[in-house]
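Chemist: This is the structure I want to talk about, given as structure tokens.
Just so you know, all these numbers are worked out from the coordinates, no wet-lab data involved. Please read all numbers here as calculations on a predicted model, not as lab measurements. Glycine also receives a Cβ, built like all others from the backbone with ideal geometry; neighbour counts cover every protein chain displayed.
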Amino acid sequence: MSAPLVDIAGLVIGYDAAARQVRALDSASLQVREGETLAIVGESGSGKTTLGMAAGRLLPPEAQLLDGTITVAGVDVMQADDAALRRLRREKLGFVFQNPSTALDPTMRIGRQVALALGGQPGPEAVAALLARAELGDPERVLRAFPHELSGGMAQRVVIAMAIARAPQLLIADEPTASLDASIREKVMATLVRLRAESGASLVILSHDLRLIGRHADRVAVMYGGRIVELGAVAQVLQAPVHPYTRALLAAAAGNEVPGARLEPIQGTPPMLEGRCEACAYAPRCTFSVARCNSERPEAREVAGRLVVCHRAEEAIATGAMQPQEAR
Amino acid sequence: MEPDVIALEDITVTYRSGFLGGTAFDALRGVSLRVKAGETVGLVGESGSGKTTLGRVCLGLLPPTQGQMRFGGAPFGKLRQRRGQLSVVLQHPEWALNPRLRCGTSVQEPLVLTGMPSSERRERVAEILGQVGLDPSFAARLPGQLSGGQRQRIAIARALVTNPRFIVFDEAVSALDVSVQAQVLNLIRDLQKRHGFGALFISHDLAATRYVSHRIAVMLRGEIVEDGPSARFYGTPEHPYSRALLGAA
Amino acid sequence: MSGFSKAAGRLLRADALTLFGLITLVTLLFLGIFGPWLPLGDPSRIAAGPRLGAPSAQFLFGTDELGRDFMPRVVQGIRSTFLLSAIAVTITAVIGSLLGMAAGYLGRFADQAIARGADILFAFPALVAGLLVAAVMGPGQGSAITVISIATLPLFIRVVRSVTLGIAGRGFVTAAEVAGASTLRIMLVHLLPNVMGAVMVQLTYALSIGMIIESALSFLGLGVQPPDASLGSLLRQGSSYLTIAPWMVLSSGAVLSLAIMSVNLVGDAVRDALEPLKGRPLT
């Protein structure tokens, strides 16, 4: 097997806030294989956006690298000089952000922005062809439009077209459909997935929408407290979750309940780490925790065909507390 | 029989662009909708379908171009005559509260407008904060110090503080994380059992809507294309558009 | 941690240039406000020293053509330039904020009328307005205040209107409308506190523009009238003796430049301290 496209090893990133440092990533490790679609799920504050942006070193100035490495297509991202970093961003990476209206320059016509993303001196045909690949109807009209003249779905397709303009090896999509209408989310997502398949690139989706991930990703990484707590094939993780957090997350999502049943929210709030967590970060909210969970940091182990960061993974399976979620 | 909390009869809202005539566009076309006390009606549809416009009509913020609108059996009248009788919870927890006001001040504003004396107001604010699961000390905090879920609870407390007969929830949980969504959805269900208000729950998320609603109306291009008990939306709804929404959910 | 203390913290950690601006501004304000009670000498005492005397230990900025000590005259000039501009700009800020909020919140006809009115004022050159106003009202402090108001009013209207447009659609405003709050209550309780930051930033820029306008008008003899002095009228006075007594133009010109620069530096710092509040939360 070839080397992974992205190799994140023990990444620790903190944000300088007044008088203290908040730890966003607490030794996160993850590999992205070539040509796969990997979803990173987690609630706000779980560190998933930090992890995604770290792949292009697109972090705000308050962010501090404390430990670990992140290698993308052979480039050590955190140590690369400016020229190497620019080359990596330009040739190997494509980003799709949550809100297309802020990702596009409001003062520039779409055609010009897409041409810039393509590089060189592309003719209008090349630009229109790229927009057509992103399934934008009537590309000639879109070329001449300003961003505010497009609907959210169209604008996001333009952003996707710009992200794939230079055939990147890695596409990172941060909540790509969260700001869009429910009725077009699925179509935009299908476009993104189709373009990934055509180009053979890897796609990393950052999302908290479990149903969306269930339909489109090959593998899923569940993040909590700045770490990846469960990592495996989508079918395995979402239909037979092992980590208590993954299970609680699935139980809390509307959509799988029977009529009249009650959703079970996760009690408590996500942790705000100020240093390395020397226990299981989820233990305070976990209904399955024991004394050990509060005193010893769990490490990633392979359980039931996926990686799990939980002391009690085997017991959790054995007690049958794990109810397979109904596939929709 | 108790009259409906709100009853819309054949409501049409027409927007005109340009001077004198110009092009006209019907945001709502012949919409009829009733909400009974203690009932939640879900309103789903894509954006541009008119569901937010319908919400604004129900709140008295937008006068309909045509059609009848009754509140508790009487003509709707002006918003000032309805002080304390209806309220709203909106999307974007970060915009729900005035960032310069302490949460207690925000929550008691509807009471100030109905003229309740300040000694009673303080008691009522503490009581309602308890009901939405927050400590009374939250009254002294500024919204900037709160999480999204906490802010949405404050917004719900503000909506409930006058014991209104009708509340509109416009995308009230859409911006929240999955686990927080579940907390807020449960809170809405529990509070409705307790207070018996009628509610309109507007959302593009069918899964969340059917969880809190008794009945669901599906909007498409300014019209209600299906209106039925929410149990139907766990199975196979009649209208093809409803089925498409279900597929996306 | 609240946004406001963050902003204050950023202001304190400001760079050396801001610190320089702040110290200069505070010094000039101190001199301007307390000048008449400081032992600097009498600005209007004729023949206190030689005519057109060069700067010396006794007369730091030299003396003018009537033998008046020029230093207390510059201090008096700071006082009238600063005070006149500050009064004009403060009045304008209040009016402009109310108009801007009304335009942004009420929309429709009010917005059209106010926004177009601001555009017309904005397109009008301040000096032409100054000549017109002086012709109608006669030269003096009143017309200076009027001209400064005309020139800076659109700044406030535009900024407050655009900030209001952004706030008016937010949940807390809609919630207050549904609860039956009056338009006045919404403007005062919900809009005003949220546009104050933008108004403060605009206030500093307007103040520096006001000082330039006041100086220009006084330089042309349309503003502050003798025997009172403003920095502009001192420049005018000194320009007649530029070749034989350059210290008059140099001292009043340097103080005017310092004053305008320090106001701008502090304004930049205020803006930088307030704007990051729009940033997104961590992660």
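Chemist: When a footprinting reagent is the concern and you count Cβ atoms within 10 Å, what order do B:His92, A:His148 take, fewest first?
Modeler: Ascending number of Cβ neighbours within 10 Å: A:His148, B:His92.
Chemist: Also, I was wondering about something else. So how strong a dipole does the range B:94-163 carry about its Cα centre when Lys and Arg Cβ are +1 and Asp and Glu Cβ are -1, to the nearest 20 debye?
Modeler: My answer is approximately 160 debye.
Chemist: When a/c reaches 1.5 or more, the comparison of a/b and b/c decides; with that in mind, is the range B:1-126 rounded, prolate or oblate per its Cα gyration tensor?
Modeler: prolate
Chemist: If you rank C:Ser240, A:Ser179 by fewest surrounding Cβ atoms within 10 Å, what's the result?
Modeler: By the 10 Å Cβ count, ascending: C:Ser240, A:Ser179.
Chemist: In terms of the Cα gyration tensor, with a ≥ b ≥ c the square roots of its eigenvalues, is chain A rounded because a/c is under 1.5, prolate because a/b exceeds b/c, or oblate?
Modeler: prolate
Chemist: Mind checking the angle between helix A:182-199 and chain A's longest principal axis? C-alpha axes, 0 to 90 degrees, to the nearest 10.
Modeler: Helix A:182-199 sits roughly 80 degrees off the main axis of chain A.
Chemist: At q = 0.17, 0.21, 0.22, 0.29 Å⁻¹, what base-10 log of I(q)/I(0) does the Debye formula yield for the range B:117-183 when every alpha carbon is treated as an equal point scatterer in vacuo?
Modeler: Each listed q maps to, in turn, -0.65, -0.95, -1.02, -1.37.
Chemist: Considering all projection directions equally, how large on average is the shadow of the alpha-carbon convex hull of chain C, in square nanometres?
Modeler: 18.6
Chemist: Separate question: Only Lys, Arg, Asp and Glu count, each charged at its Cβ (+1, +1, -1, -1), so figure out the dipole size of the range C:38-104 about its Cα centre, rounded to 20 debye.
Modeler: 40
Chemist: Using θ = phi - 60° and the Karplus curve 6.51 cos²θ - 1.76 cosθ + 1.60, what whole-Hz ³J(HN,Hα) does each residue of the range A:155-160 get, with Gly and Pro shown as x?
Modeler: Listing the rounded values in order: 4, 5, 5, 5, 4, 5 Hz.
Chemist: Assign unit charges at the C-beta atoms only (+1 for Lys and Arg, -1 for Asp and Glu), then state the dipole size of the range B:91-249 relative to its Cα centre in Debye, rounded to the nearest 20.
Modeler: 320
Chemist: Could you work out which residue, out of C:Ala273, C:Ala216, C:Ala135, moves most in a Gaussian network model of chain C, that is, has the largest mean-square fluctuation with Cα springs under 10 Å?
Modeler: C:Ala135
Chemist: Roughly what % of Cα-Cα distances in the protein assembly as shown sit above 41 Å, to the whole percent?
Modeler: So the portion of pairs separated by more than 41 Å is 48 percent.
Chemist: Here's something else I'd like to know. I need the phi-derived Karplus couplings for the range A:52-69: 6.51 cos²θ - 1.76 cosθ + 1.60, θ = phi - 60°, integer Hz, Gly and Pro marked x.
Modeler: Karplus-based 3J(HN,Hα) across the range A:52-69 equals x, 6, 4, 4, x, 6, 9, 9, x, x, 6, 6, 10, 7, 9, 6, x, 9 Hz.
Chemist: For A:Lys187, which aspartates and glutamates qualify as cross-link partners when the Cα separation must be under 15 Å and same-chain residues fewer than eight apart are set aside?
Modeler: A:Glu135, A:Glu175, B:Glu46
Chemist: Helix-derived [θ] at 222 nm for the protein assembly as shown: sum -39500 (n - 2.57) over DSSP H runs of at least 4, divide by residue count, nearest 500?
Modeler: So the helix-based figure for the protein assembly as shown works out to -14500 deg cm²/dmol.
Chemist: I'd like the per residue volume of the convex hull spanned by the Cα atoms of chain B, given in cubic angstrom.
Modeler: Output value, Cα hull per residue: 143 Å³.
Chemist: Something else: What is the pair-distance distribution P(r) of the range C:167-221, computed from all Cα-Cα distances in 10 Å bins starting at 0, with each bin given as a whole percent?
Modeler: Binned Cα distances yield the sequence 21, 30, 19, 16, 10, 3.
Chemist: Using a cut-off of 13 Å between alpha-carbon atoms, which aspartates and glutamates can reach B:Lys51, once sequence neighbours fewer than 8 places away in the same chain are excluded?
Modeler: Here the aspartates and glutamates satisfying the reach criterion relative to B:Lys51 are A:Asp181, B:Asp26, B:Asp170, B:Glu171, B:Asp205, B:Glu223.
Chemist: Still on this structure: Which of C:Ser56, B:Ser230 has the fewest other C-beta atoms within 10 Å, and how do the rest follow up to the most?
Modeler: By the 10 Å Cβ count, ascending: C:Ser56, B:Ser230.
Chemist: Which one of C:Phe109, C:His190, A:Pro61 is farthest out on the positive end of the charge dipole of the protein assembly as shown, using unit charges on Cβ (Lys, Arg +1; Asp, Glu -1) and the Cα centre as origin?
Modeler: C:Phe109
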